[in-house]
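A.B. asks: Got a structure for you, questions after.
The values are calculated or read from the model by the stated rules, or taken from the named source; none is laboratory data. Worth saying up front: this structure is predicted, and the values here are computed from it rather than measured. So basically every Cβ, Gly included, is an ideal-geometry build from the backbone, and we count neighbours across all protein chains shown. Each accessible area value is taken on the protein alone, full model and side chains, heavy atoms only, with ligands, DNA and RNA left out. Shrake-Rupley method; radii C 1.70, N 1.55, O 1.52, S 1.80 Å.
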Amino acid sequence: MHPLALCRHLAHARVHAPTSVRTMSNAPAAPRPVRSHRATGFQGVVRVPGDKSISHRALMFGALASGRTRITGLLEGEDVVNTAKVVELLGCPARKAGDVWEVLGRGVGGLAQPASDLEFGNSGTGCRLMMGVVAGHDVQVKMTGDASLSKRPMRRVLDPLKTMGVKIVDDRATLPLVLRGSSRLIPIVYETPVPSAQVKSAVLLAGLAAAGATTVIEKEATRDHTERMLRYFGAEIATERRNGKTAITVKGHAELVGRDVTVPGDPSSAAFVAAAAAIVPGADVTIQGVLVNETRTGFYTTLQEMGCDVTYLNAREENGEPIADIRVRQAKLTGVRVPPARAPSMIDEYPVLACVAAFASGETRMEGLGELKVKESDRLAATVDGLAANGVPARVDGETMIVVGSASVRGGGTVATHMDHRIAMAFLILGLGADAPVTIDDITYVATSFPTFQSLMAGMGARFEAV
Ligand code: S3P
């Protein structure tokens, strides 16, 4: 059946969103504080939910492909569910059939004018990548997000897209904004001023629809899921080293074909389990089926350098991505220097690494962290404040975060999470090793990336209590 006929055939299909998904039209829910208690045992063999970066991309690339894309292991966190809803608004049914999500794509250039606003909730990845997806279409879309996303910088993506021919009504730099795409995009060569996979991906996705080859040049390599997955969907995409930088070129007027995708476990979610295992005495956990692409594993390398026992088992490959089971056993930790070159490969893991560093003897210096200031919250400030509230000496010096660790952490403080899922989870981990319980002011946003966090951790021996 022709893909568009298939779309019509399944036009009734709806995204089955968890009832907890918040949108801008809903009043924000009341905060839900949670307290984390010192753990004595922490053991288990577990799986974490699907990788967030790959889940967003699978839905979007499925929309840009002709025919059916089947996704196994999709992360059903709020961020990704919002992306699925947006994909539907752009005319591509996205639904769950049994355990598998299906997207019926319309091909590059084939997306429809949406009938309502595109709401991204808390998700920078969903929003910024989707700017690149819609760029090459004659559509006008209003993009909105929650209070956290509405503060985050969008010029980093909008500037190159404008050069290609996209128009931004009123030239706004933050959400809400109205973007007008064009079916006549101009290909560009663009060197990213910030190390950001989101910026790289948005330009490459727009490049799929441009009249010629679009090149993105990166000084520091960022996660390469877009390149790997676009190739898997049939795009012509080449990566080469040029003068110590990486140049990625995609051929325009691309024809992608729907594929089967299996989403591996998210190493950024697994990092919370690994961090708990690193600090709870006697802990021994194995996290199965985790993505171990080297653009994502800086946190695990750092844990090893601190003295933690981390081993990769059953290494294998799925859909062009390396996967392994990761075993982590507690050991005596020592503070280390984490070089700036490692930052892109563990950019989301610094809050939880800082919490691990609180238990390592001596100083841990984490360098080159400017990008942490523009995540779901200012993570440099939020992390240092949370540590200080729990008696851990920590400071920021320019783009360096310094934590002074010791064998015992006082705890007993309350941490402001600022609508940031990773700040919330990092400090619940701190509480597992601290002398007195650690309280976070709101667990709500954990559902954006790791909806099963509380039950999974409880199953291994963590005690989290609603207060
Ligand atoms: C992501 C890239 C990173 C990361 C985010 C997911 C992606 O953001 O922090 O959680 O999927 O491309 P930046 O590209 O802004 O560094």
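A.B. asks: When the residues of the stretch 332-385 are filtered to those that are of a type in the set (S, T, N, Q) and surrounded by fewer than 17 Cβ atoms within 10 Å (Cβ to Cβ), which remaining residue is farthest from the ligand (Cβ to nearest atom)? It would help to see each step written out before you state the result.
C.D. replies: Filtering the stretch 332-385 for residues of a type in the set (S, T, N, Q) gives 334, 345, 361, 364, 377, 383.
Next, from what is left, pick out any that are surrounded by fewer than 17 Cβ atoms within 10 Å (Cβ to Cβ): 334, 361.
Working: Thr334: 27, Ser361: 30 Å.
Checked the stretch 332-385; the qualifying residue farthest from the ligand (Cβ to nearest atom) is Ser361.
A.B. asks: Just to be sure, is Glu399 among the acidic types (Asp, Glu) and over 13 Å from Pro33 (Cα atoms)? Can you show your working first?
C.D. replies: Values: among the acidic types (Asp, Glu): yes; over 13 Å from Pro33 (Cα atoms): yes.
Taking the combined requirement at face value, the residue satisfies it.
A.B. asks: Filtering the stretch 175-206 down to residues that are open to solvent by 10 Å² or more (accessible area, probe 1.4 Å) and touching a Pro at 6+ places or on another chain (Cβ under 7 Å), which residue is nearest to the ligand (Cβ to nearest atom)?
C.D. replies: Taking the candidates together, the pick is Pro195.
A.B. asks: Ok, one more. What are the residues in the stretch 412-438 that are farther than 16 Å from Ala360 by Cβ and small (Gly, Ala, Ser), if any? Explain how you work it out, then say what you get.
C.D. replies: First, the residues of the stretch 412-438 that are farther than 16 Å from Ala360 by Cβ: 412-425, 427-428, 431, 435-438.
Matches in the stretch 412-438: Gly412, Gly413, Ala416, Ala424, Gly431, Ala436.
A.B. asks: Identify all residues within the stretch 270-306 that are among the acidic types (Asp, Glu) and farther than 15 Å from Asp325 by Cα; write none if there are none. If you could, list the steps in order and put the result at the bottom.
C.D. replies: Restricting attention to the stretch 270-306, the residues satisfying the condition of being among the acidic types (Asp, Glu) are 284, 294, 305.
Listed by number, the list holds a single entry, Glu305.
A.B. asks: Something else now. Identify the residue in the stretch 65-77 that is within 16 Å of the ligand (Cβ to nearest atom) and open to solvent by less than 10 Å² (accessible area, probe 1.4 Å) and, among all such residues, is farthest from the chain's Cα centre (by Cα).
C.D. replies: The residue in question is Ile71.
A.B. asks: Taking the stretch 31-63, which residues are open to solvent by 10 Å² or more (accessible area, probe 1.4 Å), closer than 17 Å to Glu318 by Cα and among the charged types (D, E, K, R)?
C.D. replies: Once the filter is applied, which keeps residues that are open to solvent by 10 Å² or more (accessible area, probe 1.4 Å), closer than 17 Å to Glu318 by Cα and among the charged types (D, E, K, R), the stretch 31-63 yields Arg47, Lys52.
A.B. asks: On to the next question. Here are some conditions: (1) away from the ligand (no atom under 16 Å from the Cβ); (2) under 22 Å from the mean Cα position of the chain (by Cα); (3) open to solvent by 20 Å² or more (accessible area, probe 1.4 Å); (4) not aromatic (Phe, Trp, Tyr). Glu220 meets all but one. Which one does it not meet?
C.D. replies: (1)
A.B. asks: Within the stretch 115-129, restricting attention to residues that are of a type in the set (Ser, Thr, Tyr) and open to solvent by 10 Å² or more (accessible area, probe 1.4 Å), which residue is nearest to the ligand (Cβ to nearest atom)? Give the steps one after another, and end with the answer.
C.D. replies: Step one: list which residues in the stretch 115-129 are of a type in the set (Ser, Thr, Tyr), which gives 116, 123, 125.
Of the ones still in play, those that are also open to solvent by 10 Å² or more (accessible area, probe 1.4 Å) are 116, 125.
Details: Ser116: 25, Thr125: 4 Å.
Result: Thr125.
A.B. asks: Check whether at least one residue in the stretch 46-63 is over 29 Å from Phe453 (Cβ atoms) and modelled with pLDDT of 95 or more, and report yes or no.
C.D. replies: Step one: list which residues in the stretch 46-63 are over 29 Å from Phe453 (Cβ atoms), which gives none.
The answer is no; no qualifying residue exists.
A.B. asks: Given the criterion part of a loop (DSSP other than H, G, I, E, B), closer than 27 Å to Ala211 by Cα, of a type outside the set (Ser, Thr, Tyr) and in contact with a Lys or Arg (Cβ under 8 Å, 6 or more places away or on another chain), identify the matching residue among Gly105, Gly109, Gly121, Gly91. Talk me through it step by step, then tell me what you get.
C.D. replies: Details: Gly105 fails: part of a loop (DSSP other than H, G, I, E, B); Gly109 fails: in contact with a Lys or Arg (Cβ under 8 Å, 6 or more places away or on another chain); Gly121 fails: closer than 27 Å to Ala211 by Cα.
Of Gly105, Gly109, Gly121, Gly91, the one residue that is part of a loop (DSSP other than H, G, I, E, B), closer than 27 Å to Ala211 by Cα, of a type outside the set (Ser, Thr, Tyr) and in contact with a Lys or Arg (Cβ under 8 Å, 6 or more places away or on another chain) is Gly91.
A.B. asks: Given the residues Ala135, Ala112, which is the only one that is buried (at least 23 other Cβ atoms within 10 Å of the Cβ), assigned by TED's automatic domain parsing to the domain that holds Ile71 and more than 13 Å from the ligand (Cβ to nearest atom)? Steps first, please.
C.D. replies: Values: Ala112 fails: buried (at least 23 other Cβ atoms within 10 Å of the Cβ).
Going through Ala135, Ala112 in turn, the sole match is Ala135.
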